[in-house]
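Notes for the one structure printed next.
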Amino acid sequence: RSIKVDFGDRSYPIHIGSGLLQNIGERCVEAGFPVRSSLLVVSDTEVAPRYLPALEAALQQKGYTVYSHVIPAGEASKSLTVYEEVMTTAIQAGLDRHSAVLALGGGVVGDLAGFVAASYMRGIGFMQIPTTILAHDSSVGGKVAVNHPLAKNMIGAFYQPSMVLYDLNTLLTLPPRQVSSGLAEVVKHGLILDKEFAYWCREHAAELLGLNLEVLGYALERGCSIKADVIRNDEREQGVRAILNLGHTIGHAIEAVGGYGVLLHGEAISIGMAGSALLAAKLGRDKSIYEETVSMLSALSLPVRLPAHYDEDELMEAMMHDKKFKEGKMTFIVPDAIGSVSIVNDVQASLVREVIAQLKKEGS
Ligand code: NAD
Ligand code: ZN
């Protein structure tokens with residue numbers, strides 16, 4: 001399966017299938033990386049031992065000079081400190097304008113390596129090789145970033161890859177919690193734009209959680225296509241792209257307050273999506289949206305309630321730092337129905353506080 005992300009002369013393909021990594025050398029040529037140039041593979045301590053040696057061997061066999069940098073697994077590595085360490089490797093390796101960075105891993109590796117690719121000598125080649133379900137979202141669309149201790153994804157760029165290469169076989173080693181976390185972004189794409197797909201996810205929850213690669217391949221293709229359609233018309237999030245942030249205002253605050261990685265990204269945005277549906281009810285939308293949303297998320301083994309120890313003031317404070325807060329009002333993506341959302345720009349902070357309290361209350 002292949003999907004094209006359409007950005008004129010910066011368009012790129014997303015290839016999805018089993019065993020694609022076997023032809024990584026040819027794929028790099030197809031992506032436009034000159035043979036005999038240097039490639040820097042960035043990966044993490046969970047992914048590298050499983051998939052890096054074969055990848056390096058295949059690339060060397062094709063004639064590339066291969067360097068690698070392995071970061072500690074986990075959200076904490078999306079930091080300026082680790083960014084600088086990868087830069088040091090790139091400079092010591094003597095990467096030049098013909099070189100490319102390959103991100104072999106989940107969203108953490110992709111976001112960090114992408115920001116390195118975007119900023120090394122003002123931008124060199126970049127390929128995303130996602131190895132998590134969640135990364136179907138992060139690898140498409142060109143948002144790359146590292147976190148600041150005060151706010152997630154605060155330091156970054158828009159930088160499109162030359163190719164996304166999704167080898168489904170790598171997903172078979174994902175721990176169950178990571179599987180669910182990734183499915184949160186999959187069902188999100190249904191919740192914002194495709195009612196049928198959202199219900200399909202609930203129906204196929206068991207196969208998805210059980211890593212049936214046929215079913216999962218379809219889900220990832222659908223998720224990537226929806227995302228590609230949205231960003232094609234709004235690369236830099238001037239407008240409609242914001243709908244992809246469903247659940248993320250509350251979700252990012254949960255991640256920042258709880259400590260990055262305590263709740264996984266998908267878990268945090270799952271609670272955030274339940275919160276958006278509660279907010280929708282407060283803004284007059286049908287209460288059944290909340291019930292359906294919760295049922296879909298729960299079917300995918302995702303949390304929909306906020307653990308009681310999260311402090312409301314700290315969460316509100318974290319949301320103020322978030323980019324989605326403008327001129328005293330909060331911007332929220334609010335569901336109008338399953339499969340359709342609105343961008344609401346003037347949500348009262350007090351209403352959000354009520355939602356958070358309710359998310360906690362239902363949790364204790
Ligand atoms: P991750 O990269 O931390 O991966 C999750 C965990 O799974 C890690 O411990 C990793 O080592 C491990 N892992 C990865 N692949 C594996 C495999 N095949 N087998 C076994 N273990 C494996 O996290 P993630 O959930 O992939 O991504 C989350 C990040 O993505 C967050 O930082 C989030 O902000 C970001 N994100 C970015 C965008 C974007 O548009 N750029 C969109 C959504 C999310
Ligand atoms: Zn996300």
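The set of residues from the range 214-257 being out of contact with any helix residue (DSSP H, G or I) (no Cβ under 8 Å at 6 or more places or on another chain) and not in a helix (DSSP H, G or I) comprises R236, E237, Q238, G239.
In the condition set (1) within 16 Å of ligand 1 (Cβ to nearest atom); (2) modelled with pLDDT of 95 or more, V257 is compliant with all but (2).
M154 satisfies every condition listed in (1) buried (at least 20 other Cβ atoms within 10 Å of the Cβ); (2) away from ligand 1 (no atom under 11 Å from the Cβ) except (1). Residues considered: A242, A268. Of these, the only one that is within 16 Å of ligand 2 (Cβ to nearest atom), at pLDDT 95 or above and crowded, with 19+ Cβ neighbours inside 10 Å is A268.
If a residue has to be surrounded by fewer than 18 Cβ atoms within 10 Å (Cβ to Cβ) and either at pLDDT below 95 or closer than 15 Å to G125 by Cβ (or both) to count, how many in the range 23-54 make the cut?
Looking only at the range 23-54, we keep the residues that are surrounded by fewer than 18 Cβ atoms within 10 Å (Cβ to Cβ), and these are 23, 26, 29-30, 32, 34-36, 45, 49-50, 53-54.
Restricting the remaining residues to those that are either at pLDDT below 95 or closer than 15 Å to G125 by Cβ (or both) gives 29-30, 32, 34-36.
Summing the residues that are surrounded by fewer than 18 Cβ atoms within 10 Å (Cβ to Cβ) and either at pLDDT below 95 or closer than 15 Å to G125 by Cβ (or both) in the range 23-54 gives 6.
Contact annotation: residue pairs with Cβ atoms under 9 Å, 6 or more positions apart or on different chains, pairing a residue in the range 288-303 that is on the phi > 0 side of the Ramachandran plot with a partner that is of a type in the set (D, E, K, R) and in a helix (DSSP H, G or I), are S301/R177.
One residue stands out in the range 126-142 among those that are buried (at least 24 other Cβ atoms within 10 Å of the Cβ) and more than 19 Å from A73 (Cα to Cα): the one that is farthest from ligand 1 (Cβ to nearest atom), namely M127.
Counting only residues that are of a type in the set (A, V, I, L, M, F, W, C) and either more than 16 Å from L95 (Cα to Cα) or in contact with a Phe, Trp or Tyr (Cβ under 7 Å, 6 or more places away or on another chain) (or both), which one in the range 60-80 is nearest to ligand 1 (Cβ to nearest atom)?
A73
Anything in the range 81-121 that is away from ligand 1 (no atom under 14 Å from the Cβ) and of a type in the set (F, W, Y)? List them, or say none. Selection gives Y120 alone. If I ask for residues that are part of a helix (DSSP H, G or I) and among the small types (G, A, S), which ones from the range 6-60 would you list? G8, G25, A48, A54, A57, A58, listed by residue number. Checked against the criterion of being more than 28 Å from S11 (Cα to Cα) and not in a helix (DSSP H, G or I), the candidates L279, L211 yield just one match: L211.
The values are calculated or read from the model by the stated rules, or taken from the named source; none is laboratory data. Since we're looking at a predicted model, the values are computed, not measured. Reconstructed Cβ throughout: ideal geometry from the backbone, glycine too, with neighbour counts over all protein chains shown.
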